[in-house]
């Protein structure tokens, strides 16, 4: 669509009027500058970090499950029991304040409407724009809670000039990794009257039989049991040792639960765009959903510690070294994804919903590349390097679980071949050439290329028979980026 400068200015002015309260600049997440505050969202990686710590070496399964189920670091709130019931309704988002145990003022907001007569209210703790100090209350299911920024155990709150005494409170978290999988309604198209699942989730529901497949995987690994899928992909973790189970848990939380929720946020941005934006108006919702997706993809550790973190961004960086798909020391997948994130942001700000939706498709296709690479890595370890340890078995199975539904959508027989080779409990060496070919036959259908995936290597040279395949097609994302580069070079 072409705009005149006047029309474009009018469109942007309309959007700006709706987002006027938005801060001009937030901390950059890698190569993306969010337009809304998502520091609290990015901190989901701190839950992941604690889970990893708890199941590494000591294998503290119950403690890890508590963080997985109850959270600790994202969307912290206090469930407050009042001395006397409310005499008036408190609307959501109304500001409220109290004091910590040391007397310091603690601010928050009513998390959800509390009707007159209620004896319990939920208060979300205020969050800051600075990732390093985004919130001071981190409790939930944590084994090492931070309470300096929490309300005192008893005391009073002040809201709209009224004092509310309380006798007890519990510090909880409304955002958890488990909730990313178990909240079925969040994975359905809001603008669709039939409430169908978003496209990628539908593939996984068709394959596994339910939308909570990630939770079934993680809980089964924690309990040393079976997933109990009603569809395909059944997995029994009882054959693994603790090291293998640990990998199934910590890989499952990121590659299954968080992975699909990132896609959910991207799709939600389009949903919000269609419902909330037209040629004359737009608001924060679509842009905020994209910001959330990038925060969940990357995490907070990239900002606070300068590391790659422990989420999907980190995976892409690790795999590029294994598959020689780095560009100037950075994962080509991440570089391309962040170009697309920025492009999508631009479309959303201008209310260009159809254009933004096309970018979502390109983004999601690329997100599967590290999952294919991960499956390849452990298929090769088992089939060609005789590494059939429970650790490698679990890692390979989890990577495969994250991409099998997409392969199945393209070719059910190839997906079954991959599953049979990579599943937990397979006692035979993986047929590496067969697994490699099964994936490569479906690259075009999956929207990825041989160059995207690369080949298994020692970091410098491809292993024999493990190099990248060759393809004569280019994905829409690759074509668009190449054309953009060509246009830029035309000026020089």
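Computed from label points 7 Å out along Cα-Cβ, the spacing between residue 130 and residue 458 is 4.8 nm.
Placing a label point 7 Å from the Cα of residue 25 along the Cα-to-Cβ direction, the residues of region 128-149 whose backbone N falls under 15 Å of that point are 130.
Full extension from residue 444 to residue 210: what is 0.36 nm times the residue separation minus their Cα-Cα distance, to one decimal in nm?
In short, 81.6 nm is gained.
Scaled against 2.2 N^0.38 Å for its residue count N, the alpha carbon radius of gyration of region 85-190 is 1.17. In a fully extended conformation the segment linking residue 427 and residue 92 would gain 115.1 nm over its present Cα-Cα distance, using 0.36 nm per residue. Cut-off 13 Å, label point 7 angstrom out along Cα-to-Cβ of residue 416: give me the residues of region 218-243 whose amide nitrogen falls inside. Once the point is set 7 Å along Cα→Cβ of residue 416, 232-233 turn out to lie under 13 Å by backbone N, inside region 218-243.
Helix 213-223 and the longest principal axis of the C-alpha atoms of the chain enclose an angle of approximately 90°.
What angle do you read, to the nearest 10 degrees and between 0 and 90, between the alpha-carbon axis of helix 242-252 and the longest principal axis of the chain? For helix 242-252, the angle is close to 70 degrees. By how many degrees, 0 to 90 and rounded to 10, does the Cα axis of helix 5-18 deviate from the longest principal axis of the chain? For 5-18 against the chain, the angle is about 50 degrees. Each label point was placed 7 Å from the Cα along the Cα-to-Cβ direction; for residue 275 and residue 174 their separation is 1.6 nm.
The smallest convex shape that holds all Cα atoms of region 337-408, its convex hull, gives 92 Å³ per residue.
In this simple spin-label model, placing a label point 7 Å from the Cα along the Cα-to-Cβ direction at both residue 184 and residue 153 gives a separation of 4.0 nm. Counting beta carbons within 10 Å around each of 61, 217 and listing the fewest first gives the order 61, 217. In region 180-487, the C-alpha radius of gyration followed by the widest Cα-Cα span (Dmax) gives 19.0, 61 angstrom. Estimated from the Cβ-Cβ distance and a Förster radius of 51 angstrom, the FRET efficiency linking residue 116 and residue 242 is about 0.45.
Here, each number is a calculation from the coordinates, and none is a lab measurement. Computed from a predicted structure; not experimentally measured. So basically every Cβ, Gly included, is an ideal-geometry build from the backbone, and we count neighbours across all protein chains shown.
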